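Beneath this line is the structure, given in structure tokens, with notes to follow.
The values are calculated or read from the model by the stated rules, or taken from the named source; none is laboratory data. Everything numeric here is computed off the predicted structure, so don't read it as measured data. Positions of Cβ are backbone-derived with ideal geometry, glycine not excepted, and every protein chain shown enters the neighbour counts.
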Amino acid sequence: MDDIELQAMSKANDAVKNLAEEQRVRVIQWLGARYLTSLSPRIITSGPSALIEPETPGAIEEEQAQDYDSFAEMLAIVNNDQMSTPDRLLLAAYWLQVKEKNEKWQGYQLTKLLKPAGFPLDHPIRSMENLMSTRPAKMFQNGRDASKGRNAEFYSLTPIGISAAETIIGGKLVGSLDDVDSSTNNQPKQPKKPRPPKSKESLSIVKDLDLSEKSNDQSLRSFYDEKKPSSEMAKVTVFTYYLEKIAKLDAVTLNHIYSCYKDVNVKVPTNLKQTALNAASRKGWIDTSSIVAIKVATPGENYVEFDLPGKEIK
């Protein structure tokens, strides 16, 4: 071992040896989060005296995040009525740091993930402060870019924050020190919490929706044949465009889009809501910030008006 490493260890020991255990744990966790971004610890207590057991670098993160193709999909599956705004923000931060492998990120990036998923966040800093003020902290400020003026702060999740997000997702269990065998100091094996089952969508045809030429300048079937969308995200975008721009609906819902599928006699996606969320988060073609008032976004307007048919983006 190099002398410089021994010197660092000696200084670290001198810095923490007179601290209370709770303070010492927070300092060590902060150092781990700051300098060991590839190391994800397993937290086996929620109390002040947290015990950390390192695992294979990156193993936990990949196990949790790889099952989902998009943040919107992950949130749609794990979200429930009891989930708070800080919880959703924590998941968005987890997605940026673990799935997209950003060592640090900014608050506006959380908003960009949450808004298309149907959860606009007007003041992300307030919820972030909530996560930073908890003890032990789930998030910390990790530098700033002075050239950017306002909103220049960068943030990262602590190991506690990563573990908390994984608990919400359903992969790692948080217990107490009483559950640990003191003779071996090993964490007992615990069964993996099953992922919540996907709820089956309940959609219905809007009976008073007229998609014919009698009530519109062009029928939906004619418009659909003209644009020839092939992917499901493109179909949802074409239907949303037609409903808003041609049928002049004030509020487009999933039932309206479902009715369009039935009108043109094409197969409805297994998870229509997720398809709409993907069209918003992956392509930016529609706005799903309110799932009961879906709108076509400017990129979607341009796509339908100028790129279809024949130039569909995969």
- Query: For residues in the range 279-314 being of a type in the set (D, E, K, R) and surrounded by 15 or more Cβ atoms within 10 Å (Cβ to Cβ), which is modelled with the lowest pLDDT?
  - Reply: GLU312
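Rundown of residues vs (1) among the hydroxyl-bearing types (Ser, Thr, Tyr); (2) modelled with pLDDT under 60; (3) farther than 30 Å from ALA297 by Cα; (4) surrounded by fewer than 17 Cβ atoms within 10 Å (Cβ to Cβ), yes/no style:
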position: GLY118; (1), (2), (3), (4): no, no, no, no
position: GLN141; (1), (2), (3), (4): no, no, yes, yes
position: ARG144; (1), (2), (3), (4): no, no, yes, yes
position: LYS148; (1), (2), (3), (4): no, no, no, yes
position: SER163; (1), (2), (3), (4): yes, no, yes, no
position: GLU201; (1), (2), (3), (4): no, no, no, yes
position: ASP208; (1), (2), (3), (4): no, no, no, yes
- Query: With respect to GLY118, is the statement that it is part of a helix (DSSP H, G or I), touching a Leu at 6+ places or on another chain (Cβ under 8 Å), touching a residue at least 60 places away in the same chain (Cβ under 8 Å) and under 23 Å from ASN79 (Cβ atoms) true?
  - Reply: no
- Failed item in (1) surrounded by 15 or more Cβ atoms within 10 Å (Cβ to Cβ); (2) modelled with pLDDT under 95, with LYS214 passing the rest: (1)
- Item | Selection within the range 94-115 - in contact (Cβ under 8 Å) with a residue 60 or more places away in the chain and polar (S, T, N, Q) | GLN97
- For the range 271-302, what are the residues that are assigned to a loop (DSSP other than H, G, I, E, B) and under 19 Å from LYS248 (Cα atoms)? TRP285, THR288, SER290, ILE291, VAL292, ALA293, ALA297
- Item | Residues of the range 96-106 satisfying the condition of being under 11 Å from the mean Cα position of the chain (by Cα) and at pLDDT below 90 | VAL98, LYS99, GLU100
